[in-house]
Structure formats: C-alpha cells, structure tokens
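Chemist: Please read through the structure below; I'll follow up with questions.
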Amino acid sequence: MVFNPLGPNLAWIWDIVAMIISIFAVMLVVLVNGAIQKSGKLSSDVTRKIVHIFAAPVFLLTWYLYSGEILSRYIAMIVPILFVLLFIGIGSGKVKNEAFVVSMSRSGDPRELLKGTLYYAIMIVIVTVLWFYIPPNPTAFVILGCLAGGDGLADVIGRKYGGERKFGIGGAEKTIAGSIGMFFGSFLFSYILIAMFSFEFAAFDLVMLLLPILVISLVATFVEAISPPNLDNWTVPIAVIVIVALFIYLIPAWWPFTLLTI
C-alpha cells in the first residue's frame, strides 16, 4: 500500500519510520532463527536457509509501508546497505555478532558471511534501487522470489531428499530433488509476493502473469543447477533479469512493464 499518514510534505519522515520498522522486521527473522538454531530442533543447514528464504520477502513486504515518493526507494535501500556493512564487519572480524554467525554460516566461521550471504544482501540493494515497486512493476518480486524462496528451498529439499546422486560444475553439489524445490519455491514465492501487492495495483494481473512466472522459474532452476558454489546469488538474479528483458522486447504482452523503475 502506498502509505503516508503524515501527508505529502512529510513523506520523507514517514519513509524513515518505515525504514526503521523494516530493519526491525528483518532483524526479527535473524533473531528468531538464531533461537531456533540454539534450541537444536533443526539442523544448522536448515536454519541457515530459513534466513535466506524469509529475509528478502519480509523486506519486500515492508515496502507496503513506504509513501511511494521519489525518495522512498533510496530510503528503503538503506536497510540492505546496513546489512551489507554488517556482514562485512562480521566477516572481517571487526564486529562480533553471534546470532548472525549462528544463523547464516554452516561452520560457525564468520568469514562465511563474506561469500553467499554478502552477495545476497548486495543483490537486495541493487533490486531495491532499480526495481522498487512504484511505479507498478513486479520485477523485484520475481528476482527475489527466485533468489530467496527458490534457491533456499533447493538447498533444504536437496539435502533431505536428494540422495547420493549429485551433479554440478566447479564443485557444486546439486540434486534432482533440489532442482524441483528450486522450481516450486521460485514460482510460489514470486507468485505469492506479486499476489500480495496485486491488492494495491490492478496492473499485477495474476492470470496474465502466471505463464511468464512459470517460464522465469524454469529458467532460474536451470541456471541454479549449473551455477558454481557461492555464485548462484548472482547468476539466478541475472538470469531472471535477462528473461524479463526478453519478455519486454519480444513478448511485451507477457510483461507490460518497464525494464527499470528508476
């Protein structure tokens, strides 16, 4: 929802309030996940991916709080930038934060946050600047839907049901079960996020967007399957952006939106 209880002259102040709420919302995902990990009820592999799966969607949902003015995207961008700086600080040893290390690393080594976790946060910064959803554009939701829900479920499902038969390049260990999880996770998260914002924008036609999202999810699945370790947080979003651009220029009826929203 384009939301501003303070009026147009004070929109920037409300956007700062929305930014603070957004920071707390994303932090809550990390802290709750850290508590689950400490309880021992789930393995570290699963709890690490819980943050990966839910952090970006929770951040996207807080976009509903912003006023939609020109500065909104840049104020919203501060949230992932702060996490980028935090991950660099933790990974380099300059900042101590056990909850983040426990929630986001496999081995407990803070330096792990300088790889996939950092790339994930940087990608959210880029997506916020280029594809903030006002003017109406669902591109951010498919990019982060595939990156968060798809890639996250691929790892969880692949580890649990993938078995011993693995494939991949550059040392990556992919499984058929993981790729199935990637496809369904990408589609479901992308579609649900767009559906939640369709209440605000009639341009988000869920029937019209069904097939394009299926195609995007399929391509993202293929790209994730052949991506080297730690690089899928780059390769998957880039693949989604390329497909969206092809839709715009070759099949505009499938994606009647601009390439960028800036």
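Chemist: Kindly list the number of the only condition in (1) in contact with a strand residue (DSSP E or B) (Cβ under 7 Å, 6 or more places away or on another chain); (2) buried (at least 16 other Cβ atoms within 10 Å of the Cβ) that fails for F167.
Modeler: Only one criterion is unmet by F167, namely (2).
Residue-by-condition table, conditions (1) surrounded by fewer than 17 Cβ atoms within 10 Å (Cβ to Cβ); (2) part of a loop (DSSP other than H, G, I, E, B):
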site: I53; (1), (2): no, no
site: T62; (1), (2): no, no
site: G93; (1), (2): yes, yes
site: A99; (1), (2): yes, no
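Chemist: Are there any pairs with C-beta distances below 7 angstrom linking a residue in the range 3-31 that is farther than 15 Å from W63 by Cβ to a residue that is in a helix (DSSP H, G or I) and small (G, A, S), with the two at least 6 apart or on different chains, and if so which?
Modeler: From residues that are farther than 15 Å from W63 by Cβ, the pairs are V29/A55; V30/A99; V30/S103; L31/A99.
Conditions tested, residue by residue: (1) in the same structural domain as A121 (by TED's automatic domain parsing); (2) modelled with pLDDT of 95 or more; (3) out of contact with any helix residue (DSSP H, G or I) (no Cβ under 8 Å at 6 or more places or on another chain); (4) aromatic (F, W, Y).
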{"residue": "G162", "(1), (2), (3), (4)": "no, no, no, no"}
{"residue": "K166", "(1), (2), (3), (4)": "no, no, yes, no"}
{"residue": "L193", "(1), (2), (3), (4)": "no, yes, no, no"}
{"residue": "L214", "(1), (2), (3), (4)": "no, yes, no, no"}
{"residue": "V240", "(1), (2), (3), (4)": "no, yes, no, no"}
{"residue": "I243", "(1), (2), (3), (4)": "no, yes, no, no"}
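Chemist: Does at least one position in the range 138-153 carry a residue that is in contact with a Ser or Thr (Cβ under 6 Å, 6 or more places away or on another chain), farther than 23 Å from L65 by Cβ and not assigned by TED's automatic domain parsing to the domain that holds Y74?
Modeler: Within the range 138-153 (the criterion being in contact with a Ser or Thr (Cβ under 6 Å, 6 or more places away or on another chain), farther than 23 Å from L65 by Cβ and not assigned by TED's automatic domain parsing to the domain that holds Y74), the answer is yes, since at least one residue qualifies.
Chemist: Return yes or no: is I143 outside any strand (DSSP E or B) and more than 13 Å from the chain's Cα centre (by Cα)?
Modeler: Values: outside any strand (DSSP E or B): yes; more than 13 Å from the chain's Cα centre (by Cα): no.
For I143, the condition - outside any strand (DSSP E or B) and more than 13 Å from the chain's Cα centre (by Cα) - is not met.
Chemist: Any residue at all in the range 32-49 that's under 30 Å from V2 (Cα atoms), of a type outside the set (S, T, N, Q) and touching a residue at least 24 places away in the same chain (Cβ under 8 Å)?
Modeler: There is no residue in the range 32-49 that is under 30 Å from V2 (Cα atoms), of a type outside the set (S, T, N, Q) and touching a residue at least 24 places away in the same chain (Cβ under 8 Å).
Chemist: Further, regarding this structure: For the range 64-86, which residues satisfy the criterion of being of a type outside the set (V, I, T) and either free of Cβ contacts under 8 Å to residues at least 24 places away in the same chain or in a helix (DSSP H, G or I) (or both)?
Modeler: Matches in the range 64-86: Y64, L65, S72, R73, Y74, A76, M77, P80, L82, F83, L85, L86.
Chemist: Here is a follow-up. For the structure I just gave you, tell me whether S186 is outside the structural domain of V127 (by TED's automatic domain parsing), out of contact with any Phe, Trp or Tyr (no Cβ under 6 Å at 6 or more places or on another chain), in contact (Cβ under 8 Å) with a residue 12 or more places away in the chain and more than 22 Å from L118 (Cα to Cα).
Modeler: For S186, the condition - outside the structural domain of V127 (by TED's automatic domain parsing), out of contact with any Phe, Trp or Tyr (no Cβ under 6 Å at 6 or more places or on another chain), in contact (Cβ under 8 Å) with a residue 12 or more places away in the chain and more than 22 Å from L118 (Cα to Cα) - is not met.
The values are calculated or read from the model by the stated rules, or taken from the named source; none is laboratory data. Not measured: the values here are computed from a predicted model. Neighbour counts run over all protein chains shown; Cβ positions are idealised from the backbone, glycine included.
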